[in-house]
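The values are calculated or read from the model by the stated rules, or taken from the named source; none is laboratory data. Everything numeric in this text was worked out from a predicted model, so none of it was measured. In this analysis, Cβ positions are derived from the backbone assuming ideal geometry, glycine residues included, and neighbour counts consider all displayed protein chains.
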Amino acid sequence: MNIAALQISSIGLNPNRLEHYLNTAKNKEVKVLTLPEYVLNRFFHELAKTPLEMLKQQSEKQLTFLKELSKRYNIVIVAPIIRVIKRKRFKSVAIVKPEKTYFYDQQILINYSHWNEEKFFSNPIKELVQPPTFRIDGVKFGVLPGFEIHFDIFWQSFLKRDVDVVLVPSISTFDSNERWLHLLRSRAFVNSMYLLRVNRIGDFKDRYRWKFYGRSCSILPDGKVSMMLGESEELLIEEIQKELVRTARREWGFKSALRRRDAL
């Protein structure tokens, strides 16, 4: 099975640019395509200046496009998006299937002084629930927004639920790629899973220069980097081989060790 990560900057309300890549993905027999964070909507620091009704209309129109494109190309699209519900903003990920769309509201948000999503969005702070999974042609996918990769509880959930591939839509900046790469390779290895991380590109300037550096990558279940993009607009396509997941789990035995421990 082939899956794809579309490394791109902000997408306007014209779907032609996205459709071009979906057509390419379809020709390469891609079944799942993932977008970065903050490309269907403006970057976080621009949202405060965006009227609520304008943001709501933008997101609804983008979702209409995604649903149409998913049906037309028979591809599952995983797309971070800001939803406006009862005049409140929610940071979500849409999982758009040809027959159905459902949403995951991010549970742990960035709360730094220079980037405080927790304060800005209305995502509830409550007991954590399992992040979403879905299955395509015998391959089980998990979805985890970029900031949530830092928390063990989500990976334990994926491991216990036999997830084969984790899709990580992100927006990373400030020369953090080396740290992200070490973390993601470790997560892939100790959980014996594929990871597909897609990062935004482009710039935003206020008191800082927010340079989104791309470097989207695919990581194998043994922790090795399969492919990595540069800093330009590009489509990454990875072939998922379920046997590599089975081999990694058999050789390293992390999951079976956890099951033995739980049985005590």
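Quick notes
- Tally, over segment 2-25, of residues that are buried (at least 17 other Cβ atoms within 10 Å of the Cβ) and outside any loop (DSSP other than H, G, I, E, B): 9
- Candidate set: segment 54-70, residues that are of a type outside the set (S, T, N, Q) and under 14 Å from residue 19 (Cα atoms); chosen: the one surrounded by the fewest Cβ atoms within 10 Å (Cβ to Cβ): 68
- Criterion (of a type in the set (D, E, K, R) and touching an Asp or Glu at 6+ places or on another chain (Cβ under 7 Å)) met by exactly one of 255, 211: 211
- Considering segment 3-20, the residues that are within 19 Å of the chain's Cα centre (by Cα) and polar (S, T, N, Q) include one that is modelled with the highest pLDDT, namely 7.
- Every listed requirement among (1) over 23 Å from residue 149 (Cβ atoms); (2) free of Cβ contacts under 8 Å to residues at least 24 places away in the same chain is met by residue 65 save one, (2).
- If you check 112, 102, 38 for being touching a residue at least 24 places away in the same chain (Cβ under 8 Å) and surrounded by fewer than 20 Cβ atoms within 10 Å (Cβ to Cβ), only one passes: 102.
- Where a residue in segment 10-23 is in contact (Cβ under 8 Å) with a residue 12 or more places away in the chain and closer than 19 Å to residue 82 by Cβ and its partner, wherever it lies, is basic (Lys, Arg) and assigned to a loop (DSSP other than H, G, I, E, B), with Cβ under 7 Å and at least six apart: 10/42
- Only one of the numbered conditions (1) among the polar types (S, T, N, Q); (2) outside any strand (DSSP E or B); (3) surrounded by 15 or more Cβ atoms within 10 Å (Cβ to Cβ) is not met by residue 92, and that is (2).
- Every listed requirement among (1) under 25 Å from residue 259 (Cβ atoms); (2) buried (at least 17 other Cβ atoms within 10 Å of the Cβ) is met by residue 129 save one, (2).
- Of the strands (runs of 3 or more DSSP E) contained entirely in segment 147-247, those carrying at least 2 residues that are in contact (Cβ under 8 Å) with a residue 24 or more places away in the chain, within 25 Å of residue 94 (Cβ to Cβ) and out of contact with any Pro (no Cβ under 6 Å at 6 or more places or on another chain) fall at 165-170, 194-199, 201-205, 209-213, 217-219, 234-239.
Quick grid of which residues meet (1) aliphatic (A, V, I, L, M); (2) under 17 Å from residue 156 (Cβ atoms); (3) in contact with a Ser or Thr (Cβ under 9 Å, 6 or more places away or on another chain):
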position	(1), (2), (3)
228	yes, no, yes
234	no, no, yes
243	no, no, no
249	no, yes, yes
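- Residue 176 satisfies every condition listed in (1) at pLDDT below 95; (2) in contact with a helix residue (DSSP H, G or I) (Cβ under 7 Å, 6 or more places away or on another chain); (3) not β-branched (Val, Ile, Thr) except (2).
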